[in-house]
Every structure is written in structure tokens, then in C-alpha cells.
Amino acid sequence: MSKVASASSNEFSDFLKTDMRIRSATEAANVALWSYCPDTGENWASSTWFDILGYDHDVNALSLERWLDLIHEDDAQMAQRAFADLVDGKTDIYRADFRLRARDGSWRWIGASGTAVERADDRPAIVYGMAMDITERKKTEAKLAQTARTAERHRERLFRLAENSPAALFEFHMDREGTVSLPYMTTVAHALLGVAADDVAEDGLAVFKNIFEEDMAKMGPAIEESRAKLKPFKLRYRVHRADLESGYAWLQASSVPRREEDGGTLWFGSIYDVTTEVEREALLAHARDNMRHLALHDGLTGLPNRRRLDEHLKERSTQHSADRPPDVLMRIDLDRFKYVNDTLGHAAGDAVLCHVARVLSLSTGTDDLCSRVGGDEFCVLMGTGKSVEDARVTAAAIEERLGTPFFYEGKICRFGASFGIATSAQGSIVTGDLMSFADAALYEAKAAGRGRVEVFSRQLHDGILENRRLAAEIEGAIENRAFEPFFQPQVSAHSGDLVGAEVLARWRRADGSVVPPDKFMPVAEQIRAVPLIDRVVMERTVAIVDGWRSEGLMLPKLSFNVSAGRLHDKTLVAAVRDFLDWGVKVSFELLESILLEEEDGVARRTIELARDAGISIEIDDFGTGHASILGVLEVSPDVLKIDRRLTANVVETQQSRDLVASIFGIAKSLGIRTTAEGVETPMQADVLRQLGCDVFQGYLYAKPLAAADFFQWAGENGFSGAAPRNP
């Protein structure tokens, strides 16, 4: 081509001018045409060149050097080399993409192509070509390249994350015929499953080869269900792992299925090693079982406790059916157990309880439920189908074994047992009532002399129903403040003056009848309503005494019976503040069994607060309880009230006189005053006065009186007006 003769390059432009079809097509396509004669340096470009770059249509100013100067420096060498290769005949076609600087200073991407055409008659060769503005295409390609690079980075990142994740990622495929393959699987999966990658690639079923046989039996149905219903797959299973000390690992596979167009199913999922989690769950389950065992069993004897017995009774009640045999429950209470504790100590008592638990286990069947439901109280729920007679036989076996002497540290522990039996076959009794009915039978056994077996009867049933009715009435009476104070005078044994009155609770029904305490107090104690009754009586006494004051009756002292529950009421001392402000002395009468044998910090604190407020403490019914003299000294009462059962025979028997005289002597030596209850005759009063009694209380003076009757009595006996001197 370098040898061709010189010729004008305007031939191309002349050609275009004559072929308007080519010109129109190229302009419409935004294509620039150009020509160049290497020998003469002449060149030509269509107007589109100028439009692309924004230059004026100045054909005369056009030169190859001018165009070369506009090429981006990064593209110039490549573009020129490609053009030179065409001119030199090294290539037949010239193609190059390069940037040209537009008039506004921006860079436009140009896609140029051309070819050299040799002509006859020794005329110089001409390079004809075309060029297009490919700037937008380059931008798109750049964006696509950037997107591809970004996607590749993300792919690499995800790949690294997947390969470094403790979880294994996988794709699991099953075609319509059930053939299995693993299109994708991270390296971790091979380690978790204990299979080589080559094995899985050769046969997809290799992923299952190390799974425990019993777990594999669950795997197949789970996969099939997931495939059929397109529901997520999730399963825990074990795999044999020779590389682990335990020899196995727990794995959890989770995946989501997708139906393929060819009818196959593809799962995307993960596999985790959950061995630690499973072991932790097992430990927690074991701990929960232990906690449940502790919650349902007695810590000392190991027997089921009251809660477990209640659960078992409830379980049986839910199994109710017409042909289900009745339930039989036996309650057992140890006789003289407190004596063991008091004489040999609590360690001996604990040993006795453990011994009784062993006896129960030896004396009952495997279907019987033995339980410890209280301090020295036990229960045996007989096995299903057993009768009352079976319970009697069991009770006899227990009693016989308990009859064998039991020694603790070389000392014999003397105790026995009483038994109460109830069955759900009796009348309207249902399983839920068994406990209270067996308890009622046990109470009868205790009352009949201990060491006995009593079976719940219709009479006991009626008594319980009556107590329940009475309990409901008592609760209503408390709400309606139907309990009112009665007053029994206390008279000086020496002067005969009125020195005070004991306030006693009475229940007045709506019809005006009065219920004595022996009729309602046992039930009130069972439902723990005594403190509430005490409160009502004390509050009503305040209003009554205030009315007496306005009428001229000033009582020197009021004595209130205070129950153990009332001693836990922080408002107790404040409730009698009005009496103290009026100059009326107040005394709290306590049964000797309330505090003397058991530590009760709250009650003792209440007594201290009462003493600080100027309230005296009296021990009621002294001599009939189980308190020791040392216990009395610990409380340091101001007054001992001698029970009527001790004073009843002081006239008739020397033994009674000696006993009462000894009590008076002890009290006098301790600086404690005495009050005799149940004084009914002048002869009793004379004897008790000679023995050293300070105050009398009894029917000799008056029975307990309602407020109005007491006010009348005081006036009739000359006790109204100023308070008399102390005894």
C-alpha cells in the first residue's frame, strides 16, 4: 500500500454526495464516515463527526494530526498502532475504541473501524471507515463490569463465609425417580457428616451412611413428607464420628424445599453440630427432673410429699368412670412423737420419721403410694382396686412393725400410731374429699385412745358437712360483726371488790339466740378465724366501755383472750390504746400452749410491745396444758389463771388442795398473782382464799353477761361508780 500513487481522497466524499441513500442511513444512525489517503495525507469526515464532538463544521481545519491530538493519552498509542497495522498491510481491518476530547472538554468514546481499498490505474490506496459515539455503551459496559466485579466480590465473600461458618450449607436434590445428588456442599458439611467429598460426588446417598440406624428410620419419612407437601425439613439426628472421643455427634439439619420445572425437588439448607446443645438440654432436663423430685418428695424420708399425693389424687379423679373401683386412703399419725423429740432431741425424732418411712415401704405394695404429709403425719393411698379391708390389713402390718422396739444411740424411742381410713365408695364421697374424711377418721382414732384404726363413717361425714356449714356461717358472722363481747366479773378474794372483767366472745344469731364458744370455736380454729373474731370483739368492747364511762361505770381492768394468730397482728396493742387512755388496765390472756414450747419471734415481740405499753400478761387455764414451769418463767406472766378443772375439787379432796396450794406457792415465790376460775360456791371461795388465791372468777358471782346485763349487775351489786382498789 505504501507504493500506490497519489490521488485525491475527495473521491469518497464525491461518492457519498452521489449516493444519498448511504448518507441518509449513516446520519440517521448517528454514524460518522471518514476517509484517509496515507500517501497524500488527505482526509475527510462527514458532518456527524463534528456533531458527535461538538465542533464547528470546518472541513478545511480538519487534519489527521488534529484528530490525533484529541485522542486520550491512555488510548493514543493503541489507536495509532492499530491504524498503522492497517496501512502497513499487517491487518485487513482496522478496529479501535478510544476516547476523543469534545469541545466542552469531556471525553467521548468512539468506536472506529475501517479498511484500505486499493485502486487500479496506480492510484493511491484510500482507507475508508466509519465511527460511532459509543460513550453510553461504554458507560453501560463499565457499570456491568462494576456490577460483575461487585457480584464476584460478594460471591467470594459468601463463599469464604460459608466455608468458615460452623454450620454446613448444602443443596440437596432429588429427581422425580428419587435419585439423590448434592449440587453444592461446603467443606464443613463433609467434616460434620464424616464423609469425603469424592464419595458424595460419586453417590449422593453417601451423606446418609454414618447416620444412626434408629435416626435414619426417621430421616426417610421426614424427607418424603417435606417433598410431598413442600414443607420445611427439620430433624435432629446422630452420626458416627471416629474422630470424636464420644464416637458420635448430634446434628440438626434444616432446609426449605422448592419444586423444579422437571418435577424434581431442590432443598436449600444448613447443618449444625448441636451436640453441646443436646447435652446441655439433657443436663437441664435432668436438673428439672431432680427439682421436680425434690418438689414432690420429702427431703428427710424420701417419701412422696403432700403435693405429690394431691397430684396423684387429682390424676385418679380425672380417670373417673362408672366401673372404676373406689379409692382408699389411710392417714397415719404418730402417737407420743413429741415425747421423743422433747426427751431425746430432734435428731432422734428425725431417725424415728425415717424408720416409719421404711416401715411403710415394707408394709405396703408396689402399687400403693406412701407419703409424708406433715411433721409426723403419713398417708397411704391404696393401689387401684384395693378395699378398706386391704387398708386394715396394711395398717395391722404397719402397727406390728412399729411395735418392734426402735433404738436411737442406745436409747429406746417409744411411740405408736393411729390410723384413719376413708374410701370414695362411701355415700357421696368423691376422691377430692378423701383427705379430709380420712383426717376425720384419724381424729376419731386419736380421741378414742390412740393406737387405733378408725374407718370414716356416715356419722363422721354428716359431722364434716355440719362443720362446713358452720364455717360458712362463722365467716358471715364475722363480716356482719355478729360476734359480741360478754363480760364475767373478777372479784378480789380478800375485799370482795370488783377488780375487773374477762371479755369473752359470743355469737348472737339473727334470731337473738346466743351460741357459746364451745359450739363454734373448734370450727373457727380449723378455718383460722379466731384472730378475726378476737378483733371484732375487741373493737365492739371499745364502744361499750366508752358508753359505760358516760353512765358512771369505770371498770378497773379488762382481760382479753388473745389467740396465737392475734399475736401476729401488728395492730393489737394499738387496738386497746383507748382503754389505757381512759385509765382502764388491760390484760392479755394467753393459753400456755401458745408460746411456751415453740419459738415464735413475732409473738414474743408483740408481748414485749404490750409490756412496754403497760399491758399485763396472764396465762390462762394454767395446769392443764403441757408447758413446763421453766416455760412459764420464760414468759414471766403477771397472773396465772388456775383452770376450773383444778379448782373444782378443792373442797372435797386433799390432793386437789395440795396441788392448787403448790401452784399458789410457786406463783407467790415468783411474784405472780393468781386468779381461780370456776368458783361456784362460798366453800370453794373460802378454801381458795386460805390457800392464797388473789382473785375469784365464777358463777358464784356471775356467769358471762351481755353488756347491758353486766351494767345492770354491777349496779345491783354496788360496783358502779369509782373503781375499787387493786386486789
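The values are calculated or read from the model by the stated rules, or taken from the named source; none is laboratory data. Only a predicted model underlies this, so the values are computations on that prediction, with no experimental measurement involved. Positions of Cβ are generated from backbone atoms using ideal geometry, with glycine treated the same way; all protein chains shown enter the neighbour counts. Accessible surface areas use protein heavy atoms only, side chains included; no ligands, DNA or RNA. Shrake-Rupley method; radii C 1.70, N 1.55, O 1.52, S 1.80 Å.
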Query raised in the report: Which residue pairs have Cβ atoms closer than 9 Å, lie 6 or more positions apart in sequence or on different chains, and pair a first residue in region 223-240 that is closer than 15 Å to Phe268 by Cα with a second residue that is in a helix (DSSP H, G or I) and open to solvent by 30 Å² or more (accessible area, probe 1.4 Å)?
Result: Lys231/Glu225; Phe233/Glu225; Phe233/Arg227; Leu235/Lys218
Query raised in the report: Among the listed residues Asp310, Asp333, which satisfies the condition of being assigned to a strand (DSSP E or B) and either closer than 30 Å to Ala448 by Cβ or under 22 Å from the mean Cα position of the chain (by Cα) (or both)?
Result: Asp333
Query - Output for region 319-357, where each listed residue is under 14 Å from Ser424 (Cβ atoms) and open to solvent by 60 Å² or more (accessible area, probe 1.4 Å) - result: Gln319, His320, Ala322, Asp323
Query raised in the report: Just to be sure, is Asp569 in contact with a helix residue (DSSP H, G or I) (Cβ under 7 Å, 6 or more places away or on another chain), farther than 25 Å from Gln697 by Cα and either surrounded by 20 or more Cβ atoms within 10 Å (Cβ to Cβ) or among the acidic types (Asp, Glu) (or both)?
Result: yes
Report task. Hey, can you tell me all the residues within region 49-69 that are open to solvent by less than 30 Å² (accessible area, probe 1.4 Å) and modelled with pLDDT under 85? Result -> Trp49, Leu62
Query raised in the report: Filtering region 70-85 down to residues that are touching a helix residue (DSSP H, G or I) at 6+ places or on another chain (Cβ under 9 Å) and part of a helix (DSSP H, G or I), which residue is surrounded by the most Cβ atoms within 10 Å (Cβ to Cβ)?
Result: Ala79
Report summary line: Glu454 passes all but one of the listed conditions (1) under 28 Å from Arg392 (Cα atoms); (2) at pLDDT 85 or above; (3) part of a helix (DSSP H, G or I); the exception is number (3)
Report summary line: All-but-one check, Gly89 against (1) open to solvent by 40 Å² or more (accessible area, probe 1.4 Å); (2) free of Cβ contacts under 8 Å to residues at least 24 places away in the same chain, failing number (2)
Requested in this report: Kindly provide the set of residues from region 665-687 that are closer than 19 Å to Asp638 by Cβ and either of a type in the set (Ser, Thr, Tyr) or open to solvent by less than 60 Å² (accessible area, probe 1.4 Å) (or both), ordered by number.
Outcome: Gly665, Ala667, Ser669, Ile672, Thr674, Thr675, Ala676, Glu677
Query raised in the report: Going by the conditions given, is Thr423 of a type in the set (Ser, Thr, Tyr), under 20 Å from Ser363 (Cα atoms) and surrounded by fewer than 13 Cβ atoms within 10 Å (Cβ to Cβ)?
Result: no
Report task. Go through the residues of region 350-369 one by one and say whether even a single one is under 36 Å from the mean Cα position of the chain (by Cα), within 21 Å of Ala440 (Cα to Cα) and of a type in the set (Val, Ile, Thr). Result -> no
Query - Residue under evaluation Ala417, criteria (1) without any contact (Cβ under 8 Å) to a residue 60 or more places away in the chain; (2) among the small types (Gly, Ala, Ser); (3) surrounded by 21 or more Cβ atoms within 10 Å (Cβ to Cβ), criterion not met - result: (1)
Report summary line: Within region 346-360, the residues that are closer than 15 Å to Ile398 by Cβ and free of Cβ contacts under 8 Å to residues at least 40 places away in the same chain are Arg358
Requested in this report: Look at region 485-529 and say how many of its residues are out of contact with any Phe, Trp or Tyr (no Cβ under 6 Å at 6 or more places or on another chain), under 17 Å from Ala685 (Cβ atoms) and outside any strand (DSSP E or B).
Outcome: 4
Query - Cross-chain or 6+ apart pairs with Cβ under 6 Å, region 479-496 first and of a type in the set (Val, Ile, Thr), then modelled with pLDDT of 95 or more - result: Val491/Phe696
Query raised in the report: Failed condition for Thr186, given (1) in contact with a Phe, Trp or Tyr (Cβ under 8 Å, 6 or more places away or on another chain); (2) at pLDDT 90 or above, with all others met?
Result: (2)
Report summary line: Among (1) surrounded by 16 or more Cβ atoms within 10 Å (Cβ to Cβ); (2) within 35 Å of the chain's Cα centre (by Cα); (3) part of a helix (DSSP H, G or I), Phe378 falls short only on (3)
Report summary line: Those helices (runs of 4 or more DSSP H) completely within region 620-714 that have 2 or more residues that are modelled with pLDDT of 95 or more and over 22 Å from Ser495 (Cα atoms) are none
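Yes or no, residue by residue, for (1) in contact with a helix residue (DSSP H, G or I) (Cβ under 6 Å, 6 or more places away or on another chain); (2) crowded, with 16+ Cβ neighbours inside 10 Å; (3) over 27 Å from Thr276 (Cα atoms):
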position: Leu192; (1), (2), (3): no, yes, no
position: Asp198; (1), (2), (3): no, no, yes
position: Gly204; (1), (2), (3): no, yes, yes
position: Gly220; (1), (2), (3): no, no, no
position: Arg227; (1), (2), (3): no, yes, yes
Query raised in the report: So which of Tyr272, Tyr237 ends up being part of a strand (DSSP E or B), among the hydroxyl-bearing types (Ser, Thr, Tyr), open to solvent by 80 Å² or more (accessible area, probe 1.4 Å) and over 28 Å from Phe456 (Cα atoms)?
Result: Tyr272
Requested in this report: Collect the residues in region 575-591 that are surrounded by fewer than 18 Cβ atoms within 10 Å (Cβ to Cβ) and part of a helix (DSSP H, G or I), keeping them in residue-number order.
Outcome: Arg577, Asp578, Leu580, Asp581
**Report entry** Test for Arg259: is it open to solvent by 90 Å² or more (accessible area, probe 1.4 Å) and at pLDDT 90 or above
**Finding:** yes
**Report entry** Only listed residue being crowded, with 21+ Cβ neighbours inside 10 Å and either farther than 25 Å from Ala676 by Cβ or acidic (Asp, Glu) (or both), chosen from Asp511, Asp546, Asp534, Asp497
**Finding:** Asp534
Query raised in the report: What residue, of Leu504, Leu465, Leu470, is among the aliphatic types (A, V, I, L, M) and more than 30 Å from Asp433 (Cα to Cα)?
Result: Leu504
Query - Matching residues, region 276-306, being of a type in the set (Asp, Glu), under 30 Å from Leu329 (Cβ atoms) and surrounded by 12 or more Cβ atoms within 10 Å (Cβ to Cβ) - result: Asp298
Query raised in the report: Got a sec? Which of Thr404, Thr384 is polar (S, T, N, Q), surrounded by fewer than 18 Cβ atoms within 10 Å (Cβ to Cβ) and free of Cβ contacts under 8 Å to residues at least 40 places away in the same chain?
Result: Thr404
Requested in this report: Sort out which residues of region 358-368 are of a type outside the set (Asp, Glu) and surrounded by 19 or more Cβ atoms within 10 Å (Cβ to Cβ), and write them in order of number.
Outcome: Val359, Leu360, Ser363, Thr364
Query - Condition broken by Ala96, with the remaining ones in (1) surrounded by 14 or more Cβ atoms within 10 Å (Cβ to Cβ); (2) touching a residue at least 60 places away in the same chain (Cβ under 8 Å) satisfied - result: (2)
